[in-house]
Structure formats: structure tokens, C-alpha cells
Amino acid sequence: MSAHENSQPLKFIPASEFKQRTSEAVSDELLRKSFRGAMDFLMAKRATQFPDPVALEAQRGLAEHIRKYSLAHLPDLLEQLERNLTANGIQVHWAENAEQANAIIVGIAQKHSAKLMVKGKSMVSEETELNHAMEAVGIEALESDMGEYIVQLDGEKPSHIIMPAIHKTKQQIAKLFAEKVPGASYTESVDELIGIGRAVLREKFMTAEIGLSGVNFAVAETGTLCLVENEGNGRMCTTVPKVHVAITGIEKIVEKLEHVPPLFGLLTRSATGQAVTTYFNMISRPRQPGEKDGPQEVHLVLLDNGRTQAYNDEQMRSTLQCIRCGACMNHCPVYTRVGGHAYGTTYPGPIGEIISPHMMGLAATHALPTASSLCGACSEVCPVKIPIPDLLIRLRGEASHDARPGHAPLVGQGAAKSALMDIVWAGWAALYTRPALYRAFGWLATRFRFLTPPMQSGWTYSRTPLKPAARSLRDLLAERKRK
Amino acid sequence: MTSTARNNILQRLRSAPQGKPPLAPDVHGFYATARNAAPAEDRAARIERFCEKMAFWRGEVVRVTHSNWAESLRALCVAKNVNSLLYGAQTAQAAALEAAGINGLKPYDRPVDDWKPELFRDTDAGFTSTRGGITETGTLILWPDEKEPRLMSLVPPIHFALLDASQLYDNFFDAMTGQGWSGDEASAGISKMPTNALLISGPSKTADIQVTLAYGAHGPKELVILLVVNEEEL
Amino acid sequence: MQRDTPSGQRPKDVYFFATCLVDLFCPEAGMDAITLIEREGVTVHFPENQTCCGQPAYTSGYADEARAVALAQMRLFENDWPVVVPSGSCAGMMRHHYPKLFAEDPILKAKAEALAERVFELSEFLLNVLKVQWKDSGKPATVTLHTSCAARREMGTHVHARALLAQLPGVNVVTQSHEAECCGFGGTFSLKHPSISSAMAGDKADALKETGAEAFISADCGCMLNINHTLQKRGDAFQGKHLATFLCERLAAKGEKA
Ligand code: SF4
């Protein structure tokens, strides 16, 4: 937890201010327009990949099964992975929280007297705020994914897990490059902008002592780390520097290599509507004798950071099925309106609403699960069929109640507990379980509808007040009977 | 620290409630069903589909034969103004490459650490073999090794790849099972996975700026596949 | 998703579960729904003691309170007649969430599952169980259809409602942009996050209006109130109508009694 408190980078606002930020975000016309446009584009692209709903259901069923099976055997698979990676010459580290993970990586970097670490895309390293930990000991941590590079240059955080700079227009990026990249002049040509980034980063790949990457799938039976990418920066980071450090959550594991193709196929199609990414990079060893490139050392850091809490409950465990495709946010009407930054968490959108409470505690995040109309667009597209709305409801319950007997409390359990709400819902239940009382209430509400308050908390924000009808349905039916 | 962390994590996972664990997923069955449902494809159709998919990723496919591929490569190098072509001098293709009279042939014969600046700044193209291709997605399979190091297909702005049309698999699953990647019973389940295995589908690209596609993000700007076919399939 | 009654028989009697919103805010729609069923020769029973399906507490994380209210409803449907609900989200609650709510009590769970099997959303019931065949008697009209998210994703109402409207040659149904997108109601969501909810409701109202339709049709009272009151606040005369009401008008069945 404290890692989040100590190292707040620029513009990274705590989740407790969620409501305020979201209201600001929805009134930002430009932001809303760019998110709407980008999400429409991604949704349309995904749809073209799944023309046959029956086939899609079969694929999702298999993917869900693979993920559930992997999680059911998670401790065994982690040990098997560790054994096989170690046998292959890859060093395995375990971290319970962000600080431990960062300390391990800082330690490796210092052992090699590293000055520069180039980073491939890794949301887990965002989660641990690794860049700040590295900078605190004087080691530069440079993002090399184009989107990540752009947001880092502007002192921001990613606003989307797959498309980190989706909130920025090319004009904003043009201005940013002209200001911050030595020698770059203003250009709105996307090809030229990418060319500028390419030139800067190629020099960095050459000089960095350490490359960092995430992991999309870790295969236990072969001891293989799989990475999915389009740009090639991931391959650079994992091949050019003499040390490669991969970091991943403990859940990203599958038992067999043959479990990878179904997941990989759904990941890229769900994420960006691509049948495949440019690169699928499978790493099983450091450089072997006689080999001329590749890192001499490869490390894997396995991070818990709240995942075991989700694992500890059979319903919430399904959160860990996630393969981080981002489809849930692309299809989320709330995310589309407020953008990624408003959430104030590493993972925005629906997946962020169900995973962040385990990572950051409910005290900081209890507003997130309420920020959903439970429309179900997320779970409809989720390639591993995570029942996101059910989990949101569950977390709402955990935030507003003490732990149920026999259940371990979550971090921040009951943080949104409110005596007033308890009374409101108790009163509601009393009314709706007592038909006579309910009928009396209905009778009064319809007869005294002129007393309906003109201001009804959030409702009248953009709507006229609700007023009961002059006669309830049961009154109308009774009247009809009399006639 | 890490061993305490390890024990704590594993202990937490092991003490979590476990319902009935699901049966092992039947991935083989899934692909078998898909295979049976799809109309059988002959070699010509398979080649056609591979070319079409690869073109979608902006991979340039050039049909060649066993006897003329090196000459085709030479002509391509001239057309693309390639003045230095990285190759593996110990590979099965080396002799043909050397005999073709390609301008600026450069063997990758030293550890990268000794010549990074030259590799990054002064190498126009790299040539590699492949272990096969995937028709479903228009994908190349590469297993770089000491003879053909990993960066050959990544750092130079143009990547030429030689692919035998008889090595086309329907999908990724068929390729990995067909080539026995995860080992078989004979090898006592010992993995045959190399240091690095790669799937490559087109030149490097990004859509990170306003979802606008741009090629040559960090890796090659061009991918050229020399697809080895029979004389009559040219 | 084509369901019939568990017995596969055309029922003579049905229960009508009006839902709390219809009872208090859209009673006309409830009456019209009853008319549509009765004119097919089916007797409609309205259990006097019904209140609410329990969804508001359930989705707010107050499972105990939701359970208490759900249990009170479950007791109302003694005979094994179908239970028809003129709201996709309440039907979805009873069909998909009651069994989850009672997951830890085998007896109640079995009861909830048995009930779930005979819960039908109105348009689904008219189409698949009663297999209505209608004659349109209205003037040519252009409408657009908004289906609530639960109705769409849990009950398939977008398909059923469309199929019913397709029986009416005078009715031209146009599709709004982002058709499958939520209107932003979400029960307590609209109260907890008014700015996000309003942004969604506003966009939905725009999209519906941009179709040029003369009205929008919805089978869900919650969405209808949300969108209608948003339009009213803007001073816009464009409004939504409950599907049952619209159908009754087209069939000239309004107030008709079997
Ligand atoms: S929750 Fe599902 S849809 Fe969302 S990122 Fe994870 S896998 Fe993708």
C-alpha cells in the first residue's frame, strides 16, 4: 500500500477523488470526443474478427476453461514454472507487494551498475510504480512502447492498458515532441512522429544495460515467457541489453504450451481486432554458449500485490482469469465518457474496477465498483468470460458491510459502510416485504404525488423530477374489476 | 526476502478454498472439431491464403524456387538499394547466398556486444531462414540460434525471410504440435523450446498515435518473404 | 434464445408481475401488457401481494435485504403458471439472479431455479409462448427501439421486440447509432454518479432523436423514465412509449377486455 502513497507521480490522483474527476472528465468535450472516436474504432475492428457468434462462444468457452483450470492449479503451476525456468537458466524472484518487486529489480540493476533501463510495455511495472523506484536510486527508466514513451514524456500515466496515449491527439503529441525531444521540429505527420520516437529509442536500446518487459503468458511445462506486441520494442528490450528482467502477476500462468494459441488468438482479436500481432516472442533461456545475442541473464519477478486476496474467494478468483485485452474498457460506456485517467488506478475501466480493490484496498477504491450501470457490455465481450457485473455487485456489498462470518475480511472491508444506507435499505426491505404496508405506501404516493420533491438528489441533475402516476396499477386493476 | 515472499504467496494460495477443479481443457479436441468443420484446403489454396494474409500485414511475398531464390534476393537487394545484407555464414543457405553475388553480404559472426553501433546504424537488411509459416494469420515461425541470431530479424530496416511453401501450417496450434515444440513422449516431455522462438506477421508497426497505423515502429520497416514453391506454382 | 413454457403447453393462466416501477410510475403500460395477454384468451392473475423483484438492493450490494424481498415474491406464484414481467431487467433478476441469491440454501435455490424457468419477459412471452399473429390497424409510423441492457443481454428482448414489431406492416423501425449502448439509468448508478449517468442519458436521447423517428419504444420502464425525463428537461417533445402501450394502440386493443 505504502508504495502508492510514497511515490505519487505527476497527475496521478488517488481513487477517492473519483467522483470529482469523473464529473470534470465528462465535461471535457475534446477528451470525450477522442475517447468516443477511438473506442468506436476499436469496437468495430473487434467485431470484424468475430463474424460467427457460435464460433466465438466456443472459443470463449475454451479460453475461460483454460484460465479456470490454470487458476485451480495455480500454486502447483507456479512451482512447476519456477523449476523449469530455473533449469533453463532463468532466475525466479517472488514479491508480495510493489516495494518488494521494485527492490528486487533495483538490486539487479545495481549489481550490474546500470544507468539506463529500457522498458517494454508492462502494466505490472506501472502497478508497482517501478519507474519512480529506479529514478530514486539514480537509474533512468525509459518507456519504449510508443504510447508509453509519449505519456512518460508528458509526465502522465497510461489511460488505456493497450493504447496508453489514446487520450492524446496528434497535435498534442506533435507539440510535446517539438518541446521535449532535442532536435525534433513540429510535425503532425504520424509517420514522422513515429520516426522521431524510433530514432531516439534505437540509440537507447543500444546503450541500456537492462531491459524490462511484462509477460502475457508464462508456460509452466516448458518454462517459457510469452510476449505479445506489434512494435518490436519488446523484442529490443528482451534481446539487446545484457540483462532482461520480466515482471508479471502470479496469475498469468498456463500449464501447457498448447494452452497458449487459444488465448493468444482471442487476446489480439479482442484487444485491437487484429488476428495476430506482429510479434509473438517466446523466451525460454538466457543467451547460450555460442549464441551471439540475447541477454546473458534473464530474471522473472512474480508479483502478488493483492492477487492472493482475490484468489482466496471462489467468486472473486475469476478476476484473475483476465488476460488484459482491454476489450471491457473499449466497450464500456462509462470508460468511453470519462477516459482512463479519471479512475486514478493503474488499470482503468471494468477490469480496473474489479481488480484495483484487491491491489489498493477498498478504502481507496470503493467508489470504483459503483461507477457502473451494470449494463454488461464488458462481460459480453470478455474473452475469458469474467462475470464483471456480478463481481461489481459483490464488491459493492463487501465495501458496505463487515465480512460475512467465516470469510476473511478484504483489505478495506466495509470502507463504505454507512449507518444511513443501512437504515434506508432496511426500511426498503421492511416496506417491500410487507404487502399491506407497500400498498399503503403506493396509495399515499399516488394520492399525494403533488408533494413529490422537485429536487431528487442525482436524478434531477439532468432530468425533470419523477412523479408517481395518479393511480397505481393495482388501483387501476381494482377499478376495472368494479366496472 | 524473496524466499519468505515465495512461501507466503504459495501458502496463501494453498489455503484458499478449492471447489471441484475443472477437467483439463481439451485443446486438441477443440482444434480437431474446427478442422473437421472447415472445408479441406489444397496446397494451392493454402499458399494463396498465406499470401493474402501476409499482404494484409504489409508483408511482401515473392514466389521463388529452390534454384532461383538467391538470384531473386540479389535482384531485390538491388531494387531496394540494399548495400549491406546480414546473413548467417554457417547456415544451409550460406553457400547459395555467397554464390549469388549479392552486394555487401555481411556475416553475423561476432557477439552483438562487439558491434552494436554498426548493427544498428549501418546494416540495411537481414536475411533469415524460417521454420515454417501459418496460413490462418499470415505468420512466419522463426527459431533464431547461434547460426542465425535473434537480432537479424529485428534491427535492420528490411528483413528478408525464406519460407518453404511445404512448411505451411493451418494455425499456430498445428504448427507447435506438428513440430513437437513442447516435447513428446519419446523425449520424456522434455521441452524442445529454444532460447527464443518467434512468430512474425509483417513489419513492425504501431497505432499508438490516434489509432493511426504507422510501419517501422522499432523493428523492420519492410518484411519480404521469399516463398519457395515449385516451378509450376510460380 | 427461444424458450417455451417448461411443459411446452400453451398456458390458460399466467401470473403478471408488474414490477414496482410499472406499478407506481407506468401503470398504463401494465394495463396494456395485461390487455395484450388477455386478448389471446389467457387469464391474467395479478397477485395482490407483489411488490418489487429486489433488484435495487441486490445491485447495491445489500444481498440480505434483496433476499428478503425476493423471498416474499417467490411465495406468490404457487401454481406452475408462467410469470410474465413487462420489464427485461426485472425478468432478468428473477430468471438469472434469484438462483444466485439463494445459492447457499439448497431448498430455496431449487425453488428459485424452478421459478426462473417460468419467468418470461412480456415480448418473449407474446412471441414464443403465445405465438401471437397480429393485424396492424394503425397509420404508417416510424419508431426506434431502445432495449434495456438487462433485457438485451439477459433476456434477448431486442430480438423479441423487433420480431413483434415486424408483424406490423405499418411500423417502420429505424436503428439508432450505438444501439446496444446503455442509456445510463442503472438504478442507483443514476443517483450515485449523476454526471456520468447524465452524459450517457444525454447521448442516448440524442441518438434516438437523430433517427428521425416520431417516438422511441422501450420494453423497460426504467430506461423509458430516464430518457423521457432527460428529454423533458431539455424541453423536447420527443418521448418514449412502452412497447405494450404502442402495441395496444396499433392493434386498436386499448382498454379492450377479453
Ligand atoms: S476483464 Fe476480460 S475484457 Fe477486460 S481486460 Fe480482462 S480479459 Fe479483457
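Does segment A:77-117 hold any residues that are of a type in the set (A, V, I, L, M) and not in a helix (DSSP H, G or I), and which are they?
If the condition is that a residue be of a type in the set (A, V, I, L, M) and not in a helix (DSSP H, G or I), then A:90, A:92, A:95, A:114, A:116, A:117 are the ones that fit.
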Scan segment A:322-331 and give yes if some residue there is within 13 Å of the ligand (Cβ to nearest atom), in contact (Cβ under 8 Å) with a residue 24 or more places away in the chain and among the basic types (Lys, Arg), otherwise no. yes
Looking at residue C:75 and the list (1) facing chain A (nearest Cβ under 10 Å); (2) open to solvent by 10 Å² or more (accessible area, probe 1.4 Å), which single condition is not satisfied? (1)
Meets criteria (over 15 Å from the mean Cα position of the chain (by Cα), within 11 Å of another protein chain (Cβ to nearest Cβ) and closer than 30 Å to residue A:87 by Cβ) for residue B:221: no
Looking at B:86, B:105, B:168, B:119, can you tell me which residue is touching a residue at least 12 places away in the same chain (Cβ under 8 Å) and under 14 Å from the mean Cα position of the chain (by Cα)? B:168
I'd like to check something: does segment B:147-167 contain any residue that is more than 9 Å from chain A (Cβ to nearest Cβ), of a type in the set (S, T, N, Q) and open to solvent by less than 30 Å² (accessible area, probe 1.4 Å)? no
Tell me which residues, restricted to segment A:298-316, are more than 12 Å from residue B:12 (Cβ to Cβ) and within 16 Å of the ligand (Cβ to nearest atom). A:315, A:316
Any residue in segment A:242-259 that is open to solvent by 10 Å² or more (accessible area, probe 1.4 Å) and without any contact (Cβ under 8 Å) to a residue 12 or more places away in the chain? yes
In the set A:339, A:344, which member is more than 13 Å from the ligand (Cβ to nearest atom), away from chain C (no Cβ under 14 Å) and open to solvent by less than 10 Å² (accessible area, probe 1.4 Å)? A:344
Can you find, within segment A:226-243, the residue that is farthest from residue B:205 (Cα to Cα) among those that are in a helix (DSSP H, G or I) and at the interface with chain B (Cβ under 7 Å from one of its Cβ atoms)? A:239
Checking residue B:67 against (1) surrounded by fewer than 12 Cβ atoms within 10 Å (Cβ to Cβ); (2) of a type outside the set (D, E, K, R); (3) more than 30 Å from residue B:100 (Cβ to Cβ), which single condition isn't satisfied? (3)
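Residues that are within 16 Å of the ligand (Cβ to nearest atom) and open to solvent by 10 Å² or more (accessible area, probe 1.4 Å): find the helices (runs of 4 or more DSSP H) completely inside segment A:367-468 holding 1 or more of those.
Correct list: A:377-381, A:388-400.
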Quick check on residue A:282: is it buried (at least 21 other Cβ atoms within 10 Å of the Cβ) and closer than 30 Å to residue B:173 by Cα? yes
Within segment A:159-173, tally of residues that are within 10 Å of chain B (Cβ to nearest Cβ), in contact (Cβ under 8 Å) with a residue 40 or more places away in the chain and among the aliphatic types (A, V, I, L, M): 3
Exactly one of these conditions fails for residue A:228: (1) at positive phi; (2) within 16 Å of the ligand (Cβ to nearest atom); (3) crowded, with 23+ Cβ neighbours inside 10 Å. Give me its number. (1)
Scan the strands (runs of 3 or more DSSP E) fully inside segment C:154-258 and keep the ones with 1 or more residues being within 26 Å of residue A:374 (Cβ to Cβ). C:215-218, C:240-242
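The values are calculated or read from the model by the stated rules, or taken from the named source; none is laboratory data. Keep in mind the model is a prediction, meaning the values are calculated, not measured. Reconstructed Cβ throughout: ideal geometry from the backbone, glycine too, with neighbour counts over all protein chains shown. Side chains are part of the model used for accessible areas, which takes the heavy atoms of the whole protein and leaves out ligands, DNA and RNA. Shrake-Rupley method; radii C 1.70, N 1.55, O 1.52, S 1.80 Å.
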